[in-house]
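First the structure, in the form of structure tokens, and then the observations on it.
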Amino acid sequence: MKLRCADRILDLSSPQVMGVLNVTPDSFSDGGDYASLDAALFRAQEMVSQGVAIIDVGGESTRPGAATVALQQELDRVVPLIECIASQLDICISVDSSRPEVMLAAQAAGAHLINDVRALQRDGA
């Protein structure tokens, strides 16, 4: 089985690993370790060398009780990183967002997939 992701094809005949790269100060998975573009890009490079098939970039925490992030702040967190990853690494990129504006900007920046915990239920998603 194969999954077409924009200009890429993922072979799903065997399990594929998605690396999570949250660029939020309050992430439960990394505690804000990748808030700078350089640190996040370095981590993305590590993930690729470790064999991930997809890098999932998130700019707003979805953990219970997390504060809502302004739209522009989420855009400022994810779009530059997606642009860097897309230009420097040969990897499938996913954006973790529920906002249609972020989804569209991420796609324009080089993202191939959308990971939406709200299952595209927001208007415009």
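A short reminder: the numbers here are calculations on the coordinates, not readings from a lab. On a predicted model such as this, the values are computed, not experimentally measured, just so you know. Backbone-built Cβ (ideal geometry, glycine too); neighbour counts: all protein chains shown.
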*What does the helix-only formula give at 222 nm for the chain: each DSSP H stretch with n ≥ 4 adding -39500 (n - 2.57), the total divided by the residues, and the result rounded to the nearest 500 deg cm²/dmol?*
-10500 deg cm²/dmol
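By per-residue mean of other Cβ atoms within 10 Å, what is the highest-first order of 19-25, 102-108? Show your work: numbers first, answer last.
Working: 19-25: 22.4, 102-108: 19.6.
Final packing ranking: 19-25, 102-108.
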*Rg and Dmax of the chain, Cα atoms only, in Å*: 13.7, 39
*What is the sum of charges around P80, taking Lys and Arg as +1, Asp and Glu as -1, for the other residues whose C-beta is under 15 Å from the C-beta of P80?*
-2
*Determine ³J(HN,Hα), in whole Hz, for all residues of the stretch 98-103 in sequence, where each value follows from phi through the Karplus function 6.51 cos²θ - 1.76 cosθ + 1.60 and θ = phi - 60°; x replaces Gly and Pro.*
10, 9, x, 5, 6, 4
*asked:* Within 14 Å, Cβ to Cβ, of K2, how many net charges do the neighbouring residues add up to if Lys/Arg are +1 and Asp/Glu are -1?
replied: 0
_If packing is taken as the average number of other Cβ atoms within 10 Å across a peptide's residues, how do 43-52, 114-123 rank, most packed first?_
43-52, 114-123
*Karplus (6.51, -1.76, 1.60) ³J(HN,Hα), θ = phi - 60°, over the stretch 79-95, in Hz, Gly and Pro reported as x*: 4, x, 5, 4, 4, 5, 4, 4, 7, 10, 10, 8, 8, 6, 10, 10, 10
*Modelled FRET efficiency - R0 22 Å, S14 with Q50, Cβ distances, 0.05 increments*: 0.85
*asked:* Can you compute the charge dipole magnitude of the chain about its Cα centre, using +1 on each Lys and Arg Cβ and -1 on each Asp and Glu Cβ, nothing else charged? Give it in debye, rounded to the nearest 20.
replied: 340 debye
